[in-house]
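Worksheet: the structure to be examined is printed underneath.
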Amino acid sequence: MMKKNTVGIIQMVVCATLWSMGGILIKLIGAGPFIIAGIRSFFAALCMAVFMLATKIRFTVNKRVFAGSIFTALTFICFVLANKMTYAANAIVLQFTEPIFLLIFSAIIYKEKLKARDMAVALATLFGVALFFADSVSGGKTLGNLVAVGAGISLAFVYMIYGKVSRSERMTGMLIGHLLTALFGIVMFMFFPSAVTGKDVFLMIVLGIFQLGIPYVLFCLAVGKCSSFACSLIGAIEPLLNPVWVMIFDGETPGVMSLIGGIIVIAAVTGWSVADSKEKA
């Protein structure tokens, strides 16, 4: 019989791998970004609702939950838009800058002191992000990169809000965030319609269930079995694999400067996460 920690690690590896499929699945869907975000989140919400009912997690609504759900929806919408407007590698890595924005916002809002290590990783990450925009000037991807950074900023607010609430509040906020995304996506689709094929619908359902819904359930299970250090380290699989799938199945290759910037951002954020987890252990 496998140890509890081993089971948690396996769950987290599967979770991060499924998360990494977002870029390629979005690229393969011909429909517009709004309907993709809407249908994806609708089916993810169904998965979360089933999980909450099965585990008897109470549905809790308050101001913090609602605020978190707004930023959750913004994150999902920006991520899908970014994948349609720039390289998948840029979309995921620029969203991966979230911990740096979290550090900055926590220092401004909660007056938390930044350590020298925090400042160093923030500067390294900003330098890496700058390299993405150096590439985007000639490639016409500047707006898409800005939207991807927007996903990182909104995700920072998600973690900042959910980090100070209970499990039931966090799960409820995520569920409402998915429902808001679904509603927004469907309404926007009515104003900006795009052709949707049977293949598109199938891939959007796969996105919702297997790229968002099930992985989040696995994440919730994994964090209760293995350390935050292991989860943060394994989570780096997502930005590493995401552009690999797109390159293999769609032939999309980002520029050299973006690749260098991506390596810097992933190394800086992962290194900081590992050091922070060890310090808190």
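Please verify whether D250 is over 25 Å from A156 (Cα atoms) and of a type outside the set (A, V, I, L, M), treating the condition exactly as stated.
yes
Among the residues of region 213-245, write down those that are among the hydrophobic types (A, V, I, L, M, F, W, C) and closer than 12 Å to L25 by Cα.
Scanning region 213-245 gives a single hit, W245.
Please work out which one of (1) under 22 Å from G30 (Cα atoms); (2) free of Cβ contacts under 8 Å to residues at least 60 places away in the same chain; (3) surrounded by fewer than 24 Cβ atoms within 10 Å (Cβ to Cβ) is the condition V80 fails and give its number.
Result: V80 passes all but (3).
Hey, any hits in region 155-166 for a residue that's out of contact with any strand residue (DSSP E or B) (no Cβ under 9 Å at 6 or more places or on another chain), surrounded by fewer than 19 Cβ atoms within 10 Å (Cβ to Cβ), among the β-branched types (V, I, T) and farther than 27 Å from I266 by Cβ?
Yes, because at least one residue in region 155-166 is out of contact with any strand residue (DSSP E or B) (no Cβ under 9 Å at 6 or more places or on another chain), surrounded by fewer than 19 Cβ atoms within 10 Å (Cβ to Cβ), among the β-branched types (V, I, T) and farther than 27 Å from I266 by Cβ.
Since A73 meets every condition but one in (1) modelled with pLDDT under 95; (2) farther than 24 Å from T17 by Cβ; (3) crowded, with 17+ Cβ neighbours inside 10 Å, which condition does it not meet?
The number of the failed condition is (1).
Sort through F59, F51, F43 and tell me the only one that's in contact (Cβ under 8 Å) with a residue 12 or more places away in the chain, of a type outside the set (V, I, T) and farther than 17 Å from C220 by Cα.
Matching residue, one of F59, F51, F43: F43.
Can you pull out every residue in region 84-99 that is part of a helix (DSSP H, G or I), over 12 Å from the mean Cα position of the chain (by Cα) and buried (at least 24 other Cβ atoms within 10 Å of the Cβ)?
Residues satisfying the conditions are A88, A89, N90.
Step by step: first the residues of region 248-268, then only those that are of a type in the set (G, A, S) and closer than 24 Å to P99 by Cα, then the one that is surrounded by the fewest Cβ atoms within 10 Å (Cβ to Cβ). Which residue is that?
A267
Out of P215, P239, P243, P254, report the one residue that is touching a residue at least 40 places away in the same chain (Cβ under 8 Å) and farther than 28 Å from F42 by Cα.
P254
Between L183, L212, which is in contact with a helix residue (DSSP H, G or I) (Cβ under 9 Å, 6 or more places away or on another chain), among the hydrophobic types (A, V, I, L, M, F, W, C), surrounded by fewer than 19 Cβ atoms within 10 Å (Cβ to Cβ) and closer than 26 Å to A67 by Cβ?
Selected residue: L183, the only one of L183, L212 that is in contact with a helix residue (DSSP H, G or I) (Cβ under 9 Å, 6 or more places away or on another chain), among the hydrophobic types (A, V, I, L, M, F, W, C), surrounded by fewer than 19 Cβ atoms within 10 Å (Cβ to Cβ) and closer than 26 Å to A67 by Cβ.
Does any residue in region 16-40 that is buried (at least 24 other Cβ atoms within 10 Å of the Cβ) and in a loop (DSSP other than H, G, I, E, B) come within less than 6 Å, Cβ to Cβ, of a residue that is at pLDDT 95 or above and of a type in the set (D, E, K, R) six or more places away or on a different chain, and which pairs are these?
From residues that are buried (at least 24 other Cβ atoms within 10 Å of the Cβ) and in a loop (DSSP other than H, G, I, E, B), the pairs are I29/D200.
Which members of region 2-15 meet the condition of being more than 17 Å from the chain's Cα centre (by Cα) and either within 14 Å of T181 (Cα to Cα) or in a helix (DSSP H, G or I) (or both)?
Hits for region 2-15 are K4, N5, T6, V7, G8, I9, I10, Q11.
What pairs come out if I take residues in region 147-173 that are within 11 Å of R64 (Cα to Cα) and of a type in the set (S, T, Y) and pair them with residues that are surrounded by fewer than 20 Cβ atoms within 10 Å (Cβ to Cβ) and modelled with pLDDT of 90 or more whose C-beta lies under 7 Å away, six or more apart or interchain?
T172/F59; T172/T60; T172/V61
Any residue at all in region 46-67 that is surrounded by 24 or more Cβ atoms within 10 Å (Cβ to Cβ), part of a helix (DSSP H, G or I) and among the charged types (D, E, K, R)?
Checked against the condition, which is being surrounded by 24 or more Cβ atoms within 10 Å (Cβ to Cβ), part of a helix (DSSP H, G or I) and among the charged types (D, E, K, R), region 46-67 yields no hits at all.
The values are calculated or read from the model by the stated rules, or taken from the named source; none is laboratory data. Note that the structure is predicted; figures quoted are calculated from it, not measured. Virtual Cβ from ideal backbone geometry, glycine too; neighbours counted across all protein chains shown.
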